[in-house]
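Trainee: Quick one: the structure is below, questions incoming.
The values are calculated or read from the model by the stated rules, or taken from the named source; none is laboratory data. Since this is a predicted model, take the numbers as computed values, not measurements. Methodologically, a virtual Cβ is constructed for each residue, glycine included, from the backbone with ideal geometry; neighbour enumeration extends over all protein chains shown. These area figures cover heavy atoms from the full protein model, side chains too; ligands, DNA and RNA do not enter into them. Shrake-Rupley method; radii C 1.70, N 1.55, O 1.52, S 1.80 Å.
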Amino acid sequence: MNRIAQTAFPSRYIQGPGAIKMLPSLVSNFGSSGLNIVDPFVHDHILPGLDLTEKSKQTNITLVTEVFSGECTETEIQRLVDSGKKAGVGCVIGLGGGKTLDTAKAVSSYLSVPILICPTAASTDAPTSARAVIYNERGEVLRYLDLARNPDVVLLDTEIIVKAPVRLFISGMGDALSTYFEAESCRVKGAANSTCGAGHVHPGTLTSYVIAETCYKTLLNYGKAALVSAKAGAPTPAFEHVVEANTLLSGVGFESAGLGCAHAVHNGLSELAECHKYYHGEKVAIGVLTGLFFSDASQEIMDEVYTFCESVSLPTTLADIGITEMTEEKLDIIANRTVVAEESIHNELKPVSAAAVKAALLAADAEGRRRKNLLS
C-alpha cells in the first residue's frame with residue numbers, strides 16, 4: 001500500500017561571504033522590526049563589525065538586540081518573549097551557536113512570528129530543522145519543542161563561519177557523514193523520517209534520499225580541501241560546498257529521510273561522563289563506524305568511510321572520544337541506551353539487540369586501532 005511521504009525545507013537558504021549584510025532587507029519582508037537574539041561572543045566580537053545598525057536605518061528597520069544568557073531554558077525563553085512583545089517585533093533572528101538558535105526558534109514559536117536563523121559555525125545540521133531543544137537550569141535536556149514549520153530563513157555568512165574553531169567544522173562533517181547511511185536504512189526499510197512537528201510517521205520523498213546521498217558525495221569530494229581551507233581561514237569553493245553539506249544537505253537529509261544507528265549510538269555514548277566534552281558530530285562519527293559493522297557493510301564501504309574520517313581528523317576509535325578503558329559496565333550502559341524502544345536504531349534492517357550493538361562498537365573500535373597502527 002502506498003503511504004503519504006513528506007519532505008521539509010526551510011523557506012529560504014542563503015550562504016556566502018558577506019551574506020549577513022542581507023539581514024536588514026530580509027527582516028523588512030516580515031515587518032519594520034526584529035528581535036535579534038545573539039550569544040555573548042557574537043555580541044562582543046562579531047556584531048560590532050557587521051554595521052547592521054546603519055544598514056537597518058537604510059531600510060527603515062529596527063533591530064532590538066538581546067544577549068542570550070547561555071542556556072535555552074523556559075525562563076530565558078519567556079524573558080525574550082516578553083521583550084519581543086514589548087517591542088512589537090515582526091520576526092525573530094537567532095545569531096550565534098546552537099543553543100542561541102534553539103532559543104530563537106522557541107521565542108518565534110511562542111510569539112507566532114517568522115524566524116531567521118544565522119549560525120556562526122557549520123558544526124551541526126540543526127539550523128534548518130523545525131525543532132528546538134529546551135534545557136533546565138542545570139543544562140540537562142528537559143524536552144523537545146517541535147515547531148509548526150521550518151525556519152523562514154537560514155543564512156550563513158561564510159566569512160564569519162570560516163573564523164570559527166576548526167574543530168567545530170570537523171564535527172559538522174561527522175554529523176553530516178551519518179546522513180546518507182541513516183537515510184539509506186530508512187529508505188530500504190520504509191521507516192518514518194524525522195520531520196519535526198509531523199509526528200514522525202511519514203517516510204521521506206525521493207528528493208530527501210537524493211539530497212542525503214549528495215551530502216555524502218560532497219563530503220568525499222571536498223572534505224579534505226574544505227578542512228585545509230578552514231585551517232587557512234579561506235572561504236574557498238570547497239569550503240562553501242562542505243558548509244552546505246554540513247547544514248542544508250544534512251539538515252534536510254536527516255529530518256526528511258530519517259535517522260538510524262549512528263545517532264542512537266551517539267545517545268548511548270553520551271551516557272558516559274568521559275564523552276561529555278566531545279562534540280555531537282565527533283560522537284556521531286563513531287556511531288557511523290559502529291553502524292557499518294552493525295549493518296554488515298562491505299569492506300569497500302568500510303575502507304572508504306574510515307579513510308575519509310582519517311583524512312579530516314574525525315574520531316575512529318573510542319579513545320578518540322575519551323573512552324580509554326572500556327569495561328563491560330560501560331558497554332552495557334552504551335548498548336542499553338542505544339536500543340531503547342524509541343531510538344532510531346530500530347529503523348535499521350538488522351535485528352536490534354544490545355549484544356549486537358556491543359559487538360559492532362567493539363569491532364568498529366578495533367578496526368580504527370588497527371588502521372592507526374598501519375598508518376603510524
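Trainee: So, in segment 170-221, exactly how many residues are of a type in the set (Lys, Arg) and over 24 Å from Arg3 (Cβ atoms)?
Mentor: Going residue by residue through segment 170-221, those that are of a type in the set (Lys, Arg) are 187, 189, 217.
Right, trim to over 24 Å from Arg3 (Cβ atoms) and you get 217.
Residues in segment 170-221 being of a type in the set (Lys, Arg) and over 24 Å from Arg3 (Cβ atoms): 1 in total.
Trainee: Which condition breaks for Gly94 when tested against (1) open to solvent by less than 10 Å² (accessible area, probe 1.4 Å); (2) over 28 Å from Leu145 (Cα atoms)?
Mentor: The single condition Gly94 does not satisfy is (2).
Trainee: Let me ask something else about it. Can you confirm whether segment 291-302 contains a residue that is at pLDDT below 95 and either more than 19 Å from Leu259 (Cα to Cα) or among the hydroxyl-bearing types (Ser, Thr, Tyr) (or both)? Show your work before the answer.
Mentor: The first filter runs over segment 291-302 and keeps only residues at pLDDT below 95, leaving none.
There is no residue in segment 291-302 that is at pLDDT below 95 and either more than 19 Å from Leu259 (Cα to Cα) or among the hydroxyl-bearing types (Ser, Thr, Tyr) (or both).
Trainee: Could you grab me the full set of residues in segment 330-351 that are under 27 Å from the mean Cα position of the chain (by Cα), within 15 Å of Asp296 (Cα to Cα) and surrounded by fewer than 18 Cβ atoms within 10 Å (Cβ to Cβ)?
Mentor: Leu349, Lys350
Trainee: Restricting the search to segment 43-57, which residues are assigned to a helix (DSSP H, G or I), over 27 Å from the mean Cα position of the chain (by Cα) and of a type in the set (D, E, K, R)?
Mentor: Glu54, Lys55, Lys57
Trainee: Among the residues of segment 187-194, is there at least one that is over 18 Å from the mean Cα position of the chain (by Cα), under 22 Å from Ala230 (Cα atoms) and surrounded by fewer than 24 Cβ atoms within 10 Å (Cβ to Cβ)?
Mentor: Going residue by residue through segment 187-194, those that are over 18 Å from the mean Cα position of the chain (by Cα) are 187-192.
Keeping just the survivors that are under 22 Å from Ala230 (Cα atoms) gives none.
There is no residue in segment 187-194 that is over 18 Å from the mean Cα position of the chain (by Cα), under 22 Å from Ala230 (Cα atoms) and surrounded by fewer than 24 Cβ atoms within 10 Å (Cβ to Cβ).
Trainee: A further question on this structure: Would you be able to tell me the number of residues in segment 136-182 that are modelled with pLDDT of 95 or more and closer than 21 Å to Ile345 by Cβ?
Mentor: 9
Trainee: From the list Ile301, Ile286, which one is in contact with a helix residue (DSSP H, G or I) (Cβ under 9 Å, 6 or more places away or on another chain), under 21 Å from Gly223 (Cα atoms) and surrounded by fewer than 23 Cβ atoms within 10 Å (Cβ to Cβ)?
Mentor: Working: Ile286 fails: surrounded by fewer than 23 Cβ atoms within 10 Å (Cβ to Cβ).
Exactly one of Ile301, Ile286 is in contact with a helix residue (DSSP H, G or I) (Cβ under 9 Å, 6 or more places away or on another chain), under 21 Å from Gly223 (Cα atoms) and surrounded by fewer than 23 Cβ atoms within 10 Å (Cβ to Cβ), namely Ile301.
Trainee: Residue under question is Glu213, and the condition is that it be more than 22 Å from Glu159 (Cα to Cα), touching a residue at least 24 places away in the same chain (Cβ under 8 Å) and surrounded by fewer than 22 Cβ atoms within 10 Å (Cβ to Cβ); does it hold?
Mentor: Values: more than 22 Å from Glu159 (Cα to Cα): yes; touching a residue at least 24 places away in the same chain (Cβ under 8 Å): yes; surrounded by fewer than 22 Cβ atoms within 10 Å (Cβ to Cβ): yes.
Here the answer is yes, as Glu213 does meet what is asked.
Trainee: Condition test on Pro235, is it within 27 Å of Ala5 (Cα to Cα), assigned to a loop (DSSP other than H, G, I, E, B) and either open to solvent by less than 20 Å² (accessible area, probe 1.4 Å) or touching a residue at least 40 places away in the same chain (Cβ under 8 Å) (or both)? If you could, list the steps in order and put the result at the bottom.
Mentor: Working: within 27 Å of Ala5 (Cα to Cα): no; assigned to a loop (DSSP other than H, G, I, E, B): yes; either open to solvent by less than 20 Å² (accessible area, probe 1.4 Å) or touching a residue at least 40 places away in the same chain (Cβ under 8 Å) (or both): yes.
Against the criterion (within 27 Å of Ala5 (Cα to Cα), assigned to a loop (DSSP other than H, G, I, E, B) and either open to solvent by less than 20 Å² (accessible area, probe 1.4 Å) or touching a residue at least 40 places away in the same chain (Cβ under 8 Å) (or both)), Pro235 does not qualify.
Trainee: Could you list, ordered by first residue, the pairs with Cβ atoms under 6 Å in which the first is in segment 90-119 and at positive phi and the second is open to solvent by 10 Å² or more (accessible area, probe 1.4 Å) and outside any strand (DSSP E or B), at least 6 apart or interchain?
Mentor: Qualifying pairs under 6 Å: Gly96/Asp39; Gly96/Thr120.
Trainee: Another one. Among the numbered criteria (1) surrounded by fewer than 16 Cβ atoms within 10 Å (Cβ to Cβ); (2) in contact (Cβ under 8 Å) with a residue 40 or more places away in the chain; (3) hydroxyl-bearing (Ser, Thr, Tyr), which one does Ser33 miss?
Mentor: (1)
Trainee: With the condition kept exactly as written, say whether any residue in segment 128-140 is within 17 Å of the chain's Cα centre (by Cα), open to solvent by 30 Å² or more (accessible area, probe 1.4 Å) and either within 18 Å of Ala257 (Cβ to Cβ) or free of Cβ contacts under 8 Å to residues at least 60 places away in the same chain (or both).
Mentor: Scanning segment 128-140 turns up at least one residue that is within 17 Å of the chain's Cα centre (by Cα), open to solvent by 30 Å² or more (accessible area, probe 1.4 Å) and either within 18 Å of Ala257 (Cβ to Cβ) or free of Cβ contacts under 8 Å to residues at least 60 places away in the same chain (or both).
Trainee: Within the group Glu76, Glu54, which residue is acidic (Asp, Glu), at pLDDT 95 or above, farther than 30 Å from Ala257 by Cα and surrounded by fewer than 23 Cβ atoms within 10 Å (Cβ to Cβ)? Please lay out each step first, then the result.
Mentor: Working: Glu54 fails: at pLDDT 95 or above.
None of the others qualify; the one that does is Glu76.
Table: residues versus (1) touching an Asp or Glu at 6+ places or on another chain (Cβ under 6 Å); (2) part of a helix (DSSP H, G or I); (3) open to solvent by 30 Å² or more (accessible area, probe 1.4 Å); (4) at pLDDT 95 or above.
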{"site": "Met22", "(1), (2), (3), (4)": "no, yes, yes, no"}
{"site": "Phe41", "(1), (2), (3), (4)": "no, yes, yes, no"}
{"site": "Leu63", "(1), (2), (3), (4)": "no, no, yes, no"}
{"site": "Glu66", "(1), (2), (3), (4)": "no, no, yes, yes"}
